[in-house]
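Notes to accompany the following structure.
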Amino acid sequence: MALTVQVLPTPRRPLLSRLLPRVFTRSPLALGALTIVTLWAAVALAAPLLAPYGPLAQDIGDRLSPPTSAHWFGTDPLGRDILTRVVYGARLSIPVGIAAVALAALLGTLIGSVAGVAAGIVEEVIMRATDLMLAFPTVILAMIISAALGAGIRNAVIAIMIAWWPSYARFARGLVLAAREREYVEAARAAGASAGRVFMRHILTTIISPIVILSTLDVGHAILTFASLSFLGLGPPPQIPEWGSMIAAGRDYIDQAWWIGTFPGLAILSLALALNVVGDSLRDALDPRLRKS
Amino acid sequence: MTLLAYVGRRALVLPVMLVGITLLSFILSHAVPSDPVAVNLGELAAANPDTVAAFRHRWGLDRPLPQQYLIYLWNLAHGDMGVSITTHQPVLIDLRHHLPATVELAVAAMLLSLVIGIPLGITSAIRRDSLVDQVGRSVSLVGVSMPVFWLGLMTLVIFYARLGWAPSAGELNPRVATPPFVTGFVVVDALLAGQGGIVPDALAHLALPALVLSSYSIGVITRMMRGSMLEVLGEDYVRTARAKGLSRWIITLRHAARNALLPVITVIGLSFGGLLSGAVVTETVFAWPGLGSYAFQSATSLDFPAIMGVGIVVASVYVLVNLVVDVAYAVVDPRIRMG
């Protein structure tokens with residue numbers, strides 16, 4: 001019996017682009033947070049234009065200067081301008097945070113999808129492995145990995161990726177399992193679409209929005225983790241302007257030069273806070289139960 | 001399923017998890033480009049072929065990796081986690097000395113998070129959109145966005161360097177004689193040694209690091225408690241209780257808060273992992289002689305026996321805490337066992 005089933009294309013625009021404008025026009029807090037994130041991104045892009053000095057320029061005669069009109073955020077023990085280094089720090093932290101999360105999400109989605117699609121013993125093995133990885137507190141796991149690989153930006157990113165992919169794998173697997181039960185997926189399968197096509201065309205497109213949203217929620221967290229690793233001496237070498245290592249440098253001067261550690265910390269806090277608010281707003285918009293209340 | 005069967009099933013998985021943890025720690029610390037022989041023995045001893053051979057044999061480094069792992073497991077089963085390169089002491093003894101300080105810090109931080117987070121979450125929910133709610137929401141947002149090491153540094157700048165209200169970093173005033181090591185918990189050891197006078201000093205040193213460390217879990221617990229409470233307040237049985245004319249307090253505490261606490265219990269277990277992560281950075285800021293300081297010191301000096309030891313202990317503690325939390329959840333909510 002020949003039966004033709006026509007699989008209709010999804011009529012609505014993708015979830016993300018439908019929600020984005022609404023989220024930010026409705027809540028002033030979310031809009032404010034988005035503005036702060038945008039400002040930081042602009043600062044990172046335009047750092048060489050904005051920074052009053054060079055990030056490595058030393059002025060030994062003006063070392064440990066408190067905030068003045070010449071040095072708004074003061075100077076460090078080598079006479080480097082802290083405002084300049086905070087501005088340049090954004091150039092490092094933002095891409096690192098995004099890269100670490102993107103890599104973790106990519107790897108996790110891949111592994112989690114394999115588990116969700118393959119089912120059976122493969123799924124069992126993968127999910128037990130993620131359980132194990134999740135038993136290690138993130139910073140400790142990342143610390144072990146980046147210590148083993150050696151300090152440095154690239155290795156810190158790899159460490160965060162290895163520490164974080166399991167939660168994405170779990171999330172992606174859950175989404176795949178849910179998507180598999182949807183009618184349009186069943187319809188596609190009934191229409192004779194291959195497993196690969198069903199996955200690429202119908203499952204992957206469904207699970208991508210929530211994963212992207214989870215990722216935005218995590219960028220702030222990744223920036224914090226990177227700063228923690230740097231603070232512990234597992235990030236870039238000390239001359240590179242990085243917020244976590246700048247705070248570490250301030251540790252030895254708490255009773256004479258409070259400004260060394262204060263401003264880089266405020267930078268991390270403001271960016272992480274804004275990213276968390278943006279991520280939260282997106283998540284609330286996605287979760288209809290929360291939206292209703 | 002009865003409660004006993006549930007606990008039994010969960011407990012059966014435990015040994016498998018623990019062995020898995022040792023395997024993962026082993027893989028992580030052996031998938032390293034650096035040579036453990038050179039790092040462990042130092043240049044002088046590494047130049048002596050006999051010493052190198054003996055070392056390799058002792059740790060089974062002359063054998064294939066799977067066999068090395070079994071040797072490690074065998075040694076571990078006999079209470080031998082190897083010798084730390086940095087302290088030259090058995091790792092087990094090092095862990096025994098560093099664990100209590102971290103437990104002290106983590107427990108204090110968890111207590112603070114519960115004492116602050118739960119009431120704040122509840123009040124935030126029942127007075128929705130009020131000033132208290134704004135404060136509660138801000139606290140939870142700032143808490144989860146806060147770089148803990150920076151907060152630690154700032155509290156030291158303000159409360160120690162500027163105001164002089166808090167003592168300096170460390171577990172005790174350097175001029176105070178440390179009580180002899182019995183349990184490792186300074187307060188307990190001080191009481192055992194009859195040095196009750198140093199207890200206030202010990203508690204004063206604990207206050208700032210515990211508060212700083214709790215910032216993240218305060219944020220998580222406040223947010224979770226608020227969300228869960230809001231959900232419960234919309235339930236039919238709360239409306240019924242209100243219709244019966246029960247007082248606001250009784251409804252809030254007896255009907256709503258007790259049920260709203262359920263999902264928060266799970267979060268408490270999960271945020272314990274965040275607490276252990278935070279302990280590493282908090283301990284380095286406050287010169288706190290715990291597992292975090294030890295982990296940091298061993299990770300940066302490629303002290304692999306020590307790193308594996310810390311990894312195994314921390315992950316096991318985390319798994320055990322979550323087992324206890326899940327069982328507690330099953331005790332208070334029978335639906336979990338049925339599912």
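Connecting C-alpha atoms closer than 10 Å in a GNM of chain B, tell me which of B:A328, B:A169, B:A101 has the biggest fluctuation.
Looking only at B:A328, B:A169, B:A101, the biggest GNM fluctuation is shown by B:A328.
Go ahead and collect, in residue order, the members of segment B:90-132 whose backbone nitrogen is under 16 Å from a label point 7 Å along the Cα-Cβ direction of B:W249.
Counting only backbone N, you get B:123.
Which residue, B:G273, B:G292, B:G234, has the most motion in a Gaussian network model of chain B that connects Cα atoms within less than 10 Å?
B:G234
At most 15 other C-beta atoms within 10 Å and a DSSP loop state: those are the exposed trypsin sites (Lys or Arg not before Pro) I care about. Give me the longest piece of chain A that has none.
Longest site-free region, per DSSP loop and neighbour criteria: A:64-181.
What is the angle, in °, between the Cα long axis of helix B:3-30 and the longest principal axis of the Cα atoms in chain B? Nearest 10 is fine, range 0 to 90.
40
Kindly provide the helix-only [θ] at 222 nm of chain B, computed as the sum of -39,500 (n - 2.57) over DSSP H runs of four or more divided by all residues, to the nearest 500 deg cm²/dmol?
Helix contribution divided over all residues of chain B: -24000 deg cm²/dmol.
To test your reading of the geometry: what angle, between 0 and 90 degrees and rounded to tens, separates the Cα axis of helix B:49-58 from the longest principal axis of chain B?
40
Sort out the exposed loop trypsin sites (Lys or Arg not before Pro) in chain B (DSSP loop, at most 11 other Cβ within 10 Å) and tell me the longest stretch that has none.
The longest such stretch corresponds to B:1-174.
Looking at the square roots a ≥ b ≥ c of the eigenvalues of the Cα gyration tensor of segment A:67-175, which shape do they give, rounded for a/c under 1.5, prolate if a/b is larger than b/c, or oblate? Display every interim value, and only then the final one.
Details: a/c = 4.16, a/b = 2.77, b/c = 1.50.
Prolate, since a/c reaches 1.5 and a/b exceeds b/c.
Let me check I've understood the local charge: for A:A129, count other residues with C-beta under 14 angstrom from its C-beta, Lys and Arg +1, Asp and Glu -1. What total comes out?
Local net charge: 0.
Taking amide H positions as placed in the peptide plane 1.01 Å from N, state which residues far from B:V83 in sequence (5 or more) or on other chains have amide H under 5 Å from it.
When sequence neighbours closer than 5 places are left aside, the close amide H contacts are B:V91.
Mean Kyte-Doolittle of at least -0.5 and a Cα length of 15 Å or more along the axis: which whole DSSP H helices of chain A meet both?
A:15-26, A:28-45, A:82-118, A:120-134, A:138-149, A:153-180, A:204-231, A:259-286
Across peptide A:273-284, what mean number of C-beta atoms from other chains lies inside 10 Å of a residue's C-beta?
Per residue, the number of nearby Cβ atoms from other chains is 2 on average.
If you take each beta carbon of peptide B:282-293 and count the beta carbons of other chains within 10 angstrom, what is the mean?
On the way: counts 0, 0, 6, 5, 0, 0, 0, 0, 0, 1, 4, 0.
Going residue by residue through B:282-293 and averaging, the value is 1.
Using 7 Å Cα-to-Cβ label points, what is the B:A204/A:Q239 separation (nm, one decimal)?
Rounded to a tenth, the inter-label distance reads 4.4 nm.
Can you compute the modelled spin-label distance between B:V176 and A:L45, with each label point 7 Å from Cα toward Cβ, in nm?
Calculated label separation equals 5.5 nm.
Can you give the angle from 0 to 90° between the axis of helix B:131-145 and the longest principal axis of chain B, with both taken from C-alpha atoms, to the nearest 10?
20
For chain B, modelled as a GNM with alpha-carbon contacts under 10 angstrom, which of B:S84, B:S247, B:S301 fluctuates the most?
Of B:S84, B:S247, B:S301, the Gaussian network model singles out B:S247 as fluctuating most.
Arrange B:I312, A:I223 by Cβ neighbour counts within 10 Å, fewest through most, would you?
B:I312, A:I223
What does the extension gain come out to for B:Y237 and B:A287, with contour length at 0.36 nm per residue minus their alpha carbon separation?
12.9 nm is the gain from fully extending B:Y237 to B:A287.
Relative to the present Cα-Cα distance, how much length would full extension add between A:L78 and A:R189 at 0.36 nm per residue of separation?
33.4 nm is the gain from fully extending A:L78 to A:R189.
Coordinate-derived values only; no laboratory data. Everything quoted here is computed from the prediction, not taken from an experiment. When we count neighbours, we look across all protein chains shown, and the Cβ atoms used for this are built from the backbone with ideal geometry, even at glycine.
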